[in-house]
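Peer 1: Following this message is one structure expressed as structure tokens.
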């Protein structure tokens with residue numbers, strides 16, 4: 001039984017507009033300064049924070065989601081379905097594209113800048129009396145959970161920040177756990193093999209809590225199955241226990257049929273790509289599992305939840321003239337899915353690729369599938385110290401081209417630029433009606449592109 005929120009409400013200042021204008025950037029700067037503590041996997045700080053804040057994470061029911069790719073979109077679909085069913089739904093995702101407020105939402109409305117200021121100030125004052133030194137993500141998780149509790153939400157859809165077992169979010173006991181997929185990522189923290197990473201992801205599995213997954217690798221699935229068996233967690237596997245078939249797909253949507261406990265025909269999702277059908281299917285199965293627990297979810301909530309979802313930064317058309325798409329693919333698997341979708345939907349178009357990648361990512365793995373379909377590649381660097389230099393990206397492209405056996409790569413132009421804005425402006429000069437501009441490689445690159453194009457951070461939808 002979940003508690004009713006009975007927390008000390010953070011205090012509001014009467015002069016809201018002035019407070020927001022003067023203090024939001026300063027307050028966010030404080031939050032980002034916590035990055036000096038680095039990434040410290042572990043639950044001790046989160047447990048302490050929850051204790052001193054009144055254990056807000058126990059006031060709502062939840063669904064917990066991890067995976068290498070697709071966890072954000074799966075989270076967004078579930079939140080949309082539950083919202084259409086009449087529930088008050090919190091969504092916690094990361095990172096953001098343009099505004100920090102995108103990370104924490106209730107019924108698809110981002111947390112206000114004023115609430116961010118108030119919550120950071122309140123939690124900051126509370127922890128000054130303790131020995132807790134939270135990392136950036138631990139603090140943000142505390143903000144989300146406290147905000148959700150104070151707003152008396154019904155459900156929280158919680159995306160893991162990294163891994164699972166020792167992630168700051170792993171203090172909740174959800175009604176359903178989801179592991180989307182597994183591939184090599186964050187190897188310095190999670191392990192250098194698929195089984196090691198699978199073990200970290202499996203850490204979100206709880207005793208007698210059902211698990212929904214789309215894992216395909218036998219070595220990863222064995223780890224997941226062993227963990228689930230030990231914890232008496234029933235596994236629901238995509239392709240075995242439930243599945244989907246695509247009936248229609250274009251650049252703006254995909255239509256598909258779903259078969260699980262029930263059948264849903266002609267579902268329409270305003271995202272595209274075969275991988276998004278898998279993500280949506282995981283979301284539907286999670287809702288079916290809730291129905292098995294006697295949570296009433298109406299059929300029209302499934303249909304409307306999918307059809308009404310908007311999703312920023314995933315094959316998002318941000319301009320028609322020039323025709324420009326942004327996508328936040330930031331690892332090899334996401335890059336491969338993006339390349340497959342672009343190849344399928346734009347087989348008659350010439351691709352102008354604008355790409356910026358973080359220096360700690362698998363740069364060649366991200367570049368390879370995308371340069372194989374691009375006529376022009378414009379290498380760039382988003383803001384921030386983590387970003388790889390255009391020169392480093394150029395070395396990787398050159399290395400990849402030298403390894404090509406058949407030399408059938410369509411690449412004709414390789415250009416380096418110092419900023420995302422410079423890259424986009426250059427791409428516009430090369431664009432013609434037979435081409436598209438594809439901006440990708442990182443959430444940072446995608447987010448900066450949206451800023452350049454005039455997006456303010458009050459986004460139309462959700463992200464991975």
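Peer 1: Cα axis of helix 420-430 to longest principal axis of the chain: angle in degrees, 0 to 90, nearest 10?
Peer 2: Taking the Cα atoms of the chain, the angle to 420-430 is about 40 degrees.
Peer 1: Another one. In vacuum, with every alpha carbon of region 66-107 counted as one equal point scatterer, what does the Debye formula give for log10 I(q)/I(0) at q = 0.14, 0.15, 0.22 Å⁻¹? Two decimals, please.
Peer 2: One equal scatterer on each Cα of region 66-107 leads to -0.32, -0.37, -0.74.
Peer 1: Rounded to the nearest 5, what % of the DSSP beta bridges within region 16-307 are antiparallel ones?
Peer 2: Percent antiparallel among DSSP bridges in region 16-307 is about 45.
Peer 1: Then there is this: Could you compute the FRET efficiency for residue 234 and residue 131, with r as their C-beta to C-beta distance and R0 at 41 Å, rounded to 0.05?
Peer 2: So the FRET efficiency works out to roughly 0.50.
Peer 1: How many nm is it between the label spots at residue 293 and residue 408, if each spot is 7 Å from the Cα in line with the beta carbon?
Peer 2: With each label point 7 Å from Cα toward Cβ, the separation is 4.9 nm.
Peer 1: Could you tell me the center-to-center distance, by alpha carbons, between region 231-309 and region 120-164 in angstrom?
Peer 2: For region 231-309 versus region 120-164, the Cα centre distance is 30 Å.
Peer 1: Shifting gears a bit: Where a ≥ b ≥ c are the square roots of the eigenvalues of the C-alpha gyration tensor, would you call region 251-347 rounded, which needs a/c under 1.5, or, failing that, prolate if a/b is larger than b/c, or oblate?
Peer 2: prolate
Peer 1: On to the next question. Find the Cα radius of gyration of region 247-299, compare it with 2.2 N^0.38 Å by division, and give the number to two decimals.
Peer 2: 1.19
Peer 1: Moving on. So for region 316-452: antiparallel DSSP bridges make up what percent, rounded to the nearest 5?
Peer 2: 20
Peer 1: Along each principal axis of its Cα atoms, how long is region 316-452 end to end? Whole angstroms, biggest number first, please.
Peer 2: 37, 34, 25
Peer 1: Could I ask something else about it? Say R0 is 56 Å: what FRET efficiency, to the nearest 0.05, do residue 253 and residue 51 get from their beta-carbon distance?
Peer 2: E between residue 253 and residue 51, to the nearest 0.05, is 0.75.
Peer 1: Separation between the residue 34 and residue 219 pseudo-spin-labels, each 7 Å from Cα along Cα→Cβ, expressed in nm?
Peer 2: Modelled inter-label distance: 3.6 nm.
Peer 1: Using the alpha carbon gyration tensor of the chain, what are the three equivalent-ellipsoid semi-axes (square root of 5 times each eigenvalue), largest first, in whole Å?
Peer 2: In descending order the semi-axes read 34, 27, 22 Å.
Peer 1: Okay, moving on. To the nearest 10 degrees, how steep is helix 71-84 against the longest Cα principal axis of the chain, on a 0 to 90 scale?
Peer 2: Between helix and principal axis, roughly 60 degrees.
Peer 1: Continuing with the same structure: Which length gain, in nm to one decimal place, applies between residue 320 and residue 226 when the Cα-Cα distance is subtracted from 0.36 nm times their residue separation?
Peer 2: 28.9 nm
Peer 1: Tell me the mean residue ellipticity at 222 nm calculated for the chain from its helices only (DSSP H runs of n ≥ 4, each -39500 (n - 2.57), averaged over every residue, nearest 500).
Peer 2: Result for the chain: -12000 deg cm²/dmol, rounded to the nearest 500.
Peer 1: Sort region 383-433 into rounded, prolate or oblate with this rule: let a ≥ b ≥ c be the square roots of the eigenvalues of the Cα gyration tensor; rounded if a/c is under 1.5, and if a/c is not under 1.5, prolate when a/b is larger than b/c, oblate otherwise.
Peer 2: Note, shape of region 383-433 comes out oblate.
Peer 1: Compute the acute angle (0 to 90°) between the alpha-carbon long axis of helix 113-127 and the principal axis of greatest extent of the alpha-carbon atoms of the chain; round to the nearest 10°.
Peer 2: 60
Peer 1: Once R0 is set to 25 Å, what does the formula 1/(1 + (r/R0)^6) return for the Cβ-Cβ distance between residue 192 and residue 399, expressed as a FRET efficiency to the nearest 0.05?
Peer 2: 0.70
Peer 1: OK, next. Arrange the peptides 96-109, 337-350 so that the one whose residues have, on average, the most other Cβ atoms within 10 Å appears first.
Peer 2: My ranking of the peptides, most packed first, is 96-109, 337-350.
Peer 1: Label region 200-266 by shape, choosing from rounded, prolate and oblate, from the square roots a ≥ b ≥ c of the eigenvalues of the Cα gyration tensor; if a/c is under 1.5 it is rounded, and otherwise prolate applies when a/b is larger than b/c, oblate when it is not.
Peer 2: Because a/c hits 1.5 or more and a/b exceeds b/c, region 200-266 counts as prolate.
Read-outs throughout are calculated quantities, based only on the coordinates presented, and are distinct from any laboratory measurement. Here the structure is a predicted model, which is why all the values come from computation and not from measurement. No Cβ is skipped: glycine too gets one built from the backbone with ideal geometry, and neighbour counts run over all protein chains shown.
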